[in-house]
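In what follows, a single structure is set out as structure tokens and then discussed.
The values are calculated or read from the model by the stated rules, or taken from the named source; none is laboratory data. All values derive from a computational prediction rather than experimental measurement. Note that each Cβ is placed from the backbone with ideal geometry, even for glycine, and that neighbours are counted across all protein chains shown. Surface accessibility is based on the protein's heavy atoms, side chains included, excluding ligands, DNA and RNA. Shrake-Rupley method; radii C 1.70, N 1.55, O 1.52, S 1.80 Å.
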Amino acid sequence: MTSSSEAPADLLPAETEAALERAVDSANRHDALFSVRAANIKQSAVRDVFDISIRPGLVSLAGGSPYLKSLPLEDLGRTAQKIIAEHGLEALQYGGGQGMEELRRLVCEVMAAEGIEGASPEDVVITTGSQSAQDVAAKVFCNPGDVILCEDPTYVGALNTFEAYEVDVVTIPMDDAGLIPDELERTIADLEAQGRAIKLLYTIPSFNNPSGITMAADRRQRVVDICRAHNILVLEDNPYGMLRFDGEPLEPMRAGNPDDVIYLGSFSKIFAPGVRLGWALVPRHLYRRFYLACEAVVLCPSPLTQMLVTAYLTDYDWRGHLHSMRDLYRERCDAMLGALAEELPDGVHWTTPDGGFFVWVTLPEGIDTYPLLYTAIDAGVVFIPGAAFTPSDEPSNKLRLAFSAVSPEDIVEGVRRLAPILRTAIEENRSASV
């Protein structure tokens, strides 16, 4: 097995390369200028693997990218050209910090299709993707040492964002029905007994990244009620909600709880990530400070991409496109689940998502999936090790597979390449434990 230290230099993760550079430059006179916060800013493991996975010949089951080839790209190109030709002075100029009113109105229509009725454009902030809204939430609500609760596992980008603000991220266990309310109550009680300040619960209730698990409908309100009782805001991140395979998204937690939930949406999964636009629906009594913090970071979201997204939502059949994408993602998910059942050995388990982009694979205890990544690269397949999705420094026996941007044929081939690596790891682990 190839360890990370034995990997070819050009396959070293960026975080490792950065660490080596820091060791060489440790005497640099500017090191003393770094803030304490800077030490908590980490390179994303997903980005490390993404840089590798674009190389020819590899089957990437790593990146959670949407499938874009079915978009009407030529028509969108003409739309972008028309926007610049006819509205260039507005499209290429500074804009308002909240985002354009027409787009905020359309965002409310999108949310209504998800189950959030009656939202006001005045409570919406257009953001540079939903991750910038996560950053603003941590900045606005958290002091160093405060606690943010999250599911285990959770989105690596959120972990990196929260940790940069010197907060303590405390995880809540999940089962097949999502975050476990009894565990949430127990954890809150333990933290409060220690005198800890708990500010936020960050949750991806629909098709959690990385696990693909959806929080059951009957748990959602109970989770909000628990948080309300302890004065904890819920930060609901829902980029995949409209990608439920049956086309019937579960009602978001924000729907009946306008004062207790900050809702984050994104155009990255329902249109295109390159537009770098998302939104936050913020309780009215919290809106001003949240909006001002957004404005302080980006000044204004791009008017050009806002106008392109507005045109897409008004001039194109975006609902029909979503319908076809749900069918495509379901086909690819079925291909992955079928290949896993066919190829993987006994002792390996995985989730069965109802939508989204990901399947979460669990190997027997005692196996660390991070070193397996390098063996997998040699075999021509890439995944994301499970350790990326938890604040713990402990090895993880889990890994994330993404099916969204890969053809069914390549999914089957990727799993075929991965299976012998997992089988060998299980046999070695079994021998070591005897």
Among S266, S302, the single one that is under 21 Å from the mean Cα position of the chain (by Cα) and among the hydroxyl-bearing types (S, T, Y) is S266
The number of residues in region 354-373 that are in contact (Cβ under 8 Å) with a residue 40 or more places away in the chain and either open to solvent by 10 Å² or more (accessible area, probe 1.4 Å) or among the small types (G, A, S) (or both) is 9
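Open to solvent by less than 20 Å² (accessible area, probe 1.4 Å), in a helix (DSSP H, G or I), touching a residue at least 24 places away in the same chain (Cβ under 8 Å) and within 15 Å of G64 (Cα to Cα) - does that describe any residue in region 402-411?
Within region 402-411, the first condition is being open to solvent by less than 20 Å² (accessible area, probe 1.4 Å), and the residues that meet it are 402-404, 406, 411.
With the extra rule that they be in a helix (DSSP H, G or I), the set shrinks to 411.
So of that shortlist, the ones also touching a residue at least 24 places away in the same chain (Cβ under 8 Å) come out as 411.
Going one step further and asking which of them are within 15 Å of G64 (Cα to Cα), we end up with 411.
Looking for residues that are open to solvent by less than 20 Å² (accessible area, probe 1.4 Å), in a helix (DSSP H, G or I), touching a residue at least 24 places away in the same chain (Cβ under 8 Å) and within 15 Å of G64 (Cα to Cα), one finds at least one in region 402-411, hence yes.
Scan S35, S70 and give me the residue that is in contact with a Ser or Thr (Cβ under 7 Å, 6 or more places away or on another chain), modelled with pLDDT of 50 or more, in a loop (DSSP other than H, G, I, E, B) and not aliphatic (A, V, I, L, M). Step through it out loud before you land on a result.
Numbers: S35 fails: in contact with a Ser or Thr (Cβ under 7 Å, 6 or more places away or on another chain).
Of the residues listed, the single one that is in contact with a Ser or Thr (Cβ under 7 Å, 6 or more places away or on another chain), modelled with pLDDT of 50 or more, in a loop (DSSP other than H, G, I, E, B) and not aliphatic (A, V, I, L, M) is S70.
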- Test A376 against the stated conditions and say whether it is surrounded by 20 or more Cβ atoms within 10 Å (Cβ to Cβ), of a type in the set (G, A, S), part of a helix (DSSP H, G or I) and under 20 Å from the mean Cα position of the chain (by Cα). no
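Taking the stated definitions as given, is T362 within 23 Å of T214 (Cα to Cα) and either in contact with a His (Cβ under 6 Å, 6 or more places away or on another chain) or among the basic types (K, R) (or both)?
Numbers: within 23 Å of T214 (Cα to Cα): yes; either in contact with a His (Cβ under 6 Å, 6 or more places away or on another chain) or among the basic types (K, R) (or both): yes.
Criteria met by T362.
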All conditions in (1) part of a loop (DSSP other than H, G, I, E, B); (2) out of contact with any helix residue (DSSP H, G or I) (no Cβ under 6 Å at 6 or more places or on another chain); (3) not small (G, A, S) are true of T314 except (1)
Counting only residues in region 246-266 that are within 16 Å of P121 (Cα to Cα) and charged (D, E, K, R), the one least open to solvent (accessible area, probe 1.4 Å) is identified as R254
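Out of everything in region 412-429 that is acidic (D, E) and farther than 30 Å from A272 by Cα, what residue ends up being surrounded by the most Cβ atoms within 10 Å (Cβ to Cβ)? It would help to see each step written out before you state the result.
Residues of region 412-429 that are acidic (D, E), as a first pass: 413, 427-428.
Still in the running and farther than 30 Å from A272 by Cα: 427-428.
Working: E427: 11, E428: 13.
If we take residues in region 412-429 being acidic (D, E) and farther than 30 Å from A272 by Cα, then E428 is surrounded by the most Cβ atoms within 10 Å (Cβ to Cβ).
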The condition from (1) assigned to a helix (DSSP H, G or I); (2) surrounded by 16 or more Cβ atoms within 10 Å (Cβ to Cβ); (3) touching a Ser or Thr at 6+ places or on another chain (Cβ under 9 Å) that V297 misses is numbered (2)
Quick count over region 336-360, residues being at pLDDT 95 or above and within 12 Å of A419 (Cα to Cα), is 7
G195 meets each of (1) within 20 Å of the chain's Cα centre (by Cα); (2) open to solvent by 10 Å² or more (accessible area, probe 1.4 Å); (3) not acidic (D, E) with one exception, condition (1)
Residue hits (region 70-84; surrounded by 12 or more Cβ atoms within 10 Å (Cβ to Cβ) and of a type in the set (A, V, I, L, M)) are L71, L76, A80, I83, I84
Residue pairs qualifying under the 6 Å Cβ cut-off, at least six apart or on distinct chains, with the first in region 297-319 being under 19 Å from Q98 (Cβ atoms) and among the polar types (S, T, N, Q) and the second being open to solvent by less than 10 Å² (accessible area, probe 1.4 Å) and not in a loop (DSSP other than H, G, I, E, B), are Q306/L103; T310/L103
Those residues of region 244-286 that are among the β-branched types (V, I, T) and either free of Cβ contacts under 8 Å to residues at least 60 places away in the same chain or more than 26 Å from R219 (Cα to Cα) (or both) come to a total of 2
Scanning region 176-192 for residues that are within 27 Å of D354 (Cα to Cα) and either open to solvent by less than 40 Å² (accessible area, probe 1.4 Å) or in contact with a strand residue (DSSP E or B) (Cβ under 9 Å, 6 or more places away or on another chain) (or both) gives A177, G178, L179, I180, P181, E183, L184
For I232, the lone unmet condition from (1) open to solvent by 10 Å² or more (accessible area, probe 1.4 Å); (2) in contact (Cβ under 8 Å) with a residue 60 or more places away in the chain; (3) touching a strand residue (DSSP E or B) at 6+ places or on another chain (Cβ under 6 Å) is (1)
- Message: Would you confirm whether or not region 191-209 contains a residue that is part of a helix (DSSP H, G or I) and in contact (Cβ under 8 Å) with a residue 40 or more places away in the chain?
- Response: yes
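What about S392, is it in a loop (DSSP other than H, G, I, E, B), under 30 Å from D168 (Cα atoms) and open to solvent by 20 Å² or more (accessible area, probe 1.4 Å)? Show your work before the answer.
On the way: in a loop (DSSP other than H, G, I, E, B): yes; under 30 Å from D168 (Cα atoms): yes; open to solvent by 20 Å² or more (accessible area, probe 1.4 Å): yes.
Answer is yes for this residue.
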